[in-house]
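Asker: The structure's right below; bear with me while I get my questions together.
The values are calculated or read from the model by the stated rules, or taken from the named source; none is laboratory data. Values in this document were obtained by computation on a predicted structure and should not be read as measured data. Virtual Cβ from ideal backbone geometry, glycine too; neighbours counted across all protein chains shown. Accessible surface is based on the protein model in full, side chains and every heavy atom, while ligands, DNA and RNA are left aside. Shrake-Rupley method; radii C 1.70, N 1.55, O 1.52, S 1.80 Å.
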Amino acid sequence: MSSQSAPHILIVEARFYDDMSDALLAGATAALEAAGATWEAITVPGCLEIPPAIAMALDATEDGGTVYDGFIALGVVIRGETYHFDIVSNESSRGLMNLAVSESLALGNGIMTVENEAQAWARVSPDNLDKGGFAARAALSMIALREKLGN
Ligand SMILES: Nc1c(NC[C@H](O)[C@H](O)[C@H](O)CO)[nH]c(=O)[nH]c1=O
Ligand SMILES: CC(=O)[C@@H](O)COP(=O)(O)O
């Protein structure tokens, strides 16, 4: 991205909880639009699918597809009765971190890993902790950093 053009962001949202996903997306897009960034969003079933979706987008870019200056991962993981919470939480985070480091991605991680719905709502709501907006601002900050570093 040249310093004159607006950053273009890919939002990958896991709509496991539709209403909470709406809140995260509202916060993230409000932050992007406030910064003058453009964005597009794709949806995956759950947070485990977010890292491979980003990898697919990167592959498509290499094949002449859309260039994304940054990425935002949005989702909610709520602990249930089994170890699956740990798998979904830890593996989605590991996948995102592996991609971000290996591909030098400007990535904001807006995946909430919480114990219950009350904790989730406090974090997804744009008029509360607004973690969707925070993830968007993190991605934008990393784009600016990458520009400053010259790559
Ligand atoms: N329990 C939650 C999941 N589980 C689904 C996985 O993310 C994945 O889609 C499935 O294992 C098929 O590969 N996903 C969430 O995003 N949030 C949850 O609370
Ligand atoms: C985080 C999850 O995968 C969770 O929703 C699954 O619930 P459970 O552990 O009760 O199967």
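Asker: Figure the gain on full extension for residue 40 and residue 5 (residue separation times 0.36 nm, minus the Cα-Cα span) and round it to one decimal in nm.
Answerer: So the chain would gain 11.0 nm between residue 40 and residue 5.
Asker: If you don't mind, there's one more thing I want to ask. For a paramagnetic label modelled at 7 Å from the Cα of residue 82 toward its Cβ, which residues of segment 10-38 fall within the zone defined by backbone nitrogen distances under 19 Å?
Answerer: 16-17, by backbone N distance to the label point.
Asker: Still on this structure, please answer the following. Could you compute the net charge surrounding residue 43? Neighbours are other residues with a C-beta less than 12 Å from the C-beta of residue 43; K and R count +1, D and E count -1.
Answerer: Local net charge: -4.
Asker: Hey, can you rank 61-71, 139-149 by average C-beta count inside 10 Å, highest first?
Answerer: With the highest mean Cβ count within 10 Å placed first, the list reads 139-149, 61-71.
Asker: Using only alpha carbon pairs under 8 Å that are at least six residues apart, calculate the relative contact order of the chain and give it in whole percent.
Answerer: Rounded, it is 32 percent for the chain.
Asker: Before I look further, what does the chain give for accessible area per residue, probe 1.4 Å, in whole square angstrom?
Answerer: Per residue, the chain has 51 Å² of solvent-accessible surface.
Asker: If I compute solvent accessible area with a 1.4 Å probe over the protein chains, what percent of it on segment 8-149 is carbon and sulfur?
Answerer: Accessible surface attributable to carbon and sulfur in segment 8-149 totals 54 percent.
Asker: Something else: Using the Cα atoms of the chain to build a convex hull, what is its mean projected area in square nanometres?
Answerer: With every direction weighted equally, the projected area is 8.5 nm².
Asker: If each residue of separation counts as 0.36 nm, what is the full-extension length gain between residue 103 and residue 128 once their alpha-carbon separation is subtracted?
Answerer: Going from the current span to full extension adds 5.8 nm.
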